[in-house]
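Worksheet: the structure to be examined is printed underneath.
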Amino acid sequence: MAAGEGCPLKLYSYYLSTCAQRVRIALNLKGIRFEYKAVDLMKGEHLNPDFLKLNPVGFVPALVDGDIVVADSFAIIMYLEEKYPHHPLLPSDLYKRAINYQAANIVSSSIQPLQNLIVENYIEEKCGVEDKLSWVHMIIGKGFLALEKLLKDHAGKFATGDEIYLADVFLAPQIHGAINRFSVDMSKFPLLSRLNDEYNAIAAFQDAEPSKQPDAPQSSS
Ligand SMILES: N[C@@H](CCC(=O)N[C@@H](CS)C(=O)NCC(=O)O)C(=O)O
């Protein structure tokens, strides 16, 4: 039997999806077992009618919890946060909580959607692979610079102090993808580089990495 098979929670995921990776990290941090349901974005499975019933916009991740279906990583993580309040991902301090929302939203609104597969494919088709890569580097660079500035007065061991919170859950996959998929030069982002080292040492983050997922090819990172 595959790991997690028969668990009430089912996560529709693709191994390289940074959005799904956020949810995998949140589930791991909270110690919640889940069944992994692979959706192959390269085969267009996210556009199949069955998947569109789970998420009408046709993106992973989606979470099924019995009769409840939630899609979009932010909504899923908030659902998990309220259903499983242990290992809280939101600090009680109001300001720190707002900074967590801000950092998470820089990743989820101002970086990832602008370099999503659908955008990458469109740019590559219209302008070629070089333009696609320079676009992705520009978008990631702009967002990472903003995150460096935002977090410099808030970071401790992690993004907003010495505990792992929402900002870390969103930052880790974005940084991992920037390094491993797009070879972004991280020397310009010393704080994010240091945070990445911290994340890489934690099992909940390691286990959520693309290469560890059941749908990853043998040699992926
Ligand atoms: N806001 C959504 C975005 C979801 C999203 O963009 N997912 C990507 C993978 S990270 C996807 O399914 N892309 C397929 C495509 O671009 O066609 C979330 O946070 O879940």
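All of (1) free of Cβ contacts under 8 Å to residues at least 40 places away in the same chain; (2) surrounded by 15 or more Cβ atoms within 10 Å (Cβ to Cβ) hold for Ile68 with one exception: (2).
Looking at Pro49, Pro113, just one residue is within 14 Å of the ligand (Cβ to nearest atom) and surrounded by fewer than 16 Cβ atoms within 10 Å (Cβ to Cβ), and that residue is Pro113.
When you scan the range 63-70, do you find a residue that is under 17 Å from Gln112 (Cα atoms) and within 15 Å of the ligand (Cβ to nearest atom), even just one? Checking the range 63-70: not a single residue is under 17 Å from Gln112 (Cα atoms) and within 15 Å of the ligand (Cβ to nearest atom). Only one of the numbered conditions (1) surrounded by 16 or more Cβ atoms within 10 Å (Cβ to Cβ); (2) in contact with a Lys or Arg (Cβ under 8 Å, 6 or more places away or on another chain) is not met by Phe189, and that is (2).
Residues of the range 94-105 that are within 13 Å of the ligand (Cβ to nearest atom) and among the hydrophobic types (A, V, I, L, M, F, W, C): Ala104 alone. Picking from Glu81, Glu130, Glu125, Glu120, which residue would you name as being exposed (fewer than 14 other Cβ atoms within 10 Å of the Cβ), within 16 Å of the ligand (Cβ to nearest atom) and part of a helix (DSSP H, G or I)? After ruling out the rest, the residue left standing is Glu125. Of the set (1) surrounded by fewer than 16 Cβ atoms within 10 Å (Cβ to Cβ); (2) in a helix (DSSP H, G or I), all apply to Val57 but (2). Among the residues of the range 110-152, those identified as in contact with a helix residue (DSSP H, G or I) (Cβ under 6 Å, 6 or more places away or on another chain), free of Cβ contacts under 8 Å to residues at least 40 places away in the same chain and of a type in the set (A, V, I, L, M) are Leu114, Ile123, Ile139. Scan (1) crowded, with 16+ Cβ neighbours inside 10 Å; (2) closer than 20 Å to Arg24 by Cβ for the single condition His86 breaks and write down its number. Only one criterion is unmet by His86, namely (1). Within the range 14-32, being near the ligand (Cβ under 6 Å from one of its atoms) and either closer than 14 Å to Lys83 by Cα or part of a helix (DSSP H, G or I) (or both) holds for Thr18, Cys19.
Of the candidates Ala204, Ala216, Ala172, Ala167, the single residue that is on the phi < 0 side of the Ramachandran plot, in contact (Cβ under 8 Å) with a residue 60 or more places away in the chain, among the small types (Gly, Ala, Ser) and surrounded by fewer than 19 Cβ atoms within 10 Å (Cβ to Cβ) is Ala216. One residue alone among Leu52, Leu114, Leu63 is in the same structural domain as Arg22 (by TED's automatic domain parsing) and in a helix (DSSP H, G or I), and that residue is Leu52.
The residue pairs whose first member lies in the range 25-46 and is at positive phi, whose second member is of a type in the set (A, V, I, L, M, F, W, C) and at pLDDT 95 or above, and whose beta carbons are closer than 9 Å, counting only pairs six or more residues apart or on different chains, are Gly31/Ala204.
The values are calculated or read from the model by the stated rules, or taken from the named source; none is laboratory data. Computed from a prediction, not measured in an experiment: that's the story for all the values here. Cβ: placed from backbone, ideal geometry, glycine included. Neighbour counts: every protein chain shown.
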